[in-house]
1. Please list 3J(HN,Hα) in residue order for the stretch 9-21, calculated via the Karplus relation 6.51 cos²θ - 1.76 cosθ + 1.60 where θ = phi - 60°; whole Hz, with x for glycine and proline.
2. With only Lys, Arg, Asp and Glu charged, each at its Cβ (+1 for the first two, -1 for the last two), find how big the charge dipole of the chain is about the Cα centre; round to the nearest 20 debye.
3. If you take the charge dipole of the chain about its Cα centre, with +1 on Lys and Arg Cβ and -1 on Asp and Glu Cβ, which of VAL129, VAL81, VAL142 is farthest toward its positive end?
4. Under a crude label model (7 Å from the Cα following the beta-carbon direction), how far is ASP138 from ASP105 in nanometres?
5. Please work out the FRET efficiency for the pair GLN67 and ASN112, using the Cβ-Cβ distance as r and a Förster radius of 22 Å; give the result to the nearest 0.05.
6. 5 Å is the cut-off here: which amide hydrogens, built 1.01 Å from N in the peptide plane, fall below it relative to ALA19, excluding neighbours closer than 5 in sequence?
7. Nearest 5 is fine: what % of DSSP beta bridges in the chain come out antiparallel, could you say?
8. Work out, step by step, the length gained on full extension between MET22 and GLU95: first 0.36 nm times the residue separation, then minus their alpha carbon distance; give nm to one decimal.
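Values quoted throughout were computed directly from the atomic coordinates according to the rules given, and no laboratory measurement underlies them. Computed from a predicted model, the values in this text were never measured in an experiment. In this analysis, Cβ positions are derived from the backbone assuming ideal geometry, glycine residues included, and neighbour counts consider all displayed protein chains.
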Amino acid sequence: MTLTGNYLFAQPCDFIMGAVAMDALPAPDYPEIAFAGRSNVGKSSLINALTARRGLAKASSEPGRTQQINFFLLAEKLMLVDLPGYGYAKAARTEVKRWTHLVKDYLAGRPNLRRVLLLIDSRHGLKEVDTGIMELLDEAAVSYQIVLTKADKIKPKELEAVVESVRAAFKKHPAAHPEIIATSAHDRNGIEMLRNELAKLTVR
Ligand code: GDP
């Protein structure tokens, strides 16, 4: 039986560890959902809104700061994985290299990774770096889904246009899950829908 999203996300959610290398990841014992997106896309805010815990993922006052993969175990059923934000202009080259290497290895080599949520700022749509990540996920044959963030910041008509443009871009990406979910951590639109979507993935 599938749990309702709201029930699942009301269960305990604990920080397990932050990993900086592939040989230091937790055992792949639970289905995993990874959150990926450019720095400042609203990833921490979304994770906090989903889990209704304000400080779980640190909303970054300093973008590009968290360069580790953070693991949170929800209800002993689902591992939420916070990947470091990419595309931060001021990040040092060596940092970017290290990040890319780690994230690539993680995305391509994690057997229990059920889906990647690729977060896109509603105001900006898909950028070149995002398409790069999509290609990487296609190559690794990892299922991924686009989640638009900060939907409260634009008008409904503009939001529709972004959804359409993202949908059009999908056609070239075989591993993309067709449903796009628009969310706002501020007015909480789309949060319950996303919770329900993730609850479906707890079934092994
Ligand atoms: P991260 O770097 O991807 O973890 O992004 P954060 O969660 O730290 O958010 C970056 C900035 O966007 C912060 O100033 C947030 O307050 C803001 N933000 C995040 N989510 C939303 C949202 O849904 N609506 C609005 N209006 N602002 C948001």
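1. 7, 8, 7, x, 9, 10, 5, 9, 5, x, 10, 10, 8
2. Value, rounded to 20: 340 debye.
3. Positive-end residue among those listed: VAL129.
4. 2.6 nm
5. Working: r = 23 Å, r/R0 = 1.03.
After rounding to 0.05, the efficiency reads 0.45.
6. Amide H neighbours of ALA19: ILE69, ASN70, PHE71.
7. Around 35 percent antiparallel, to the nearest 5.
8. 24.7 nm
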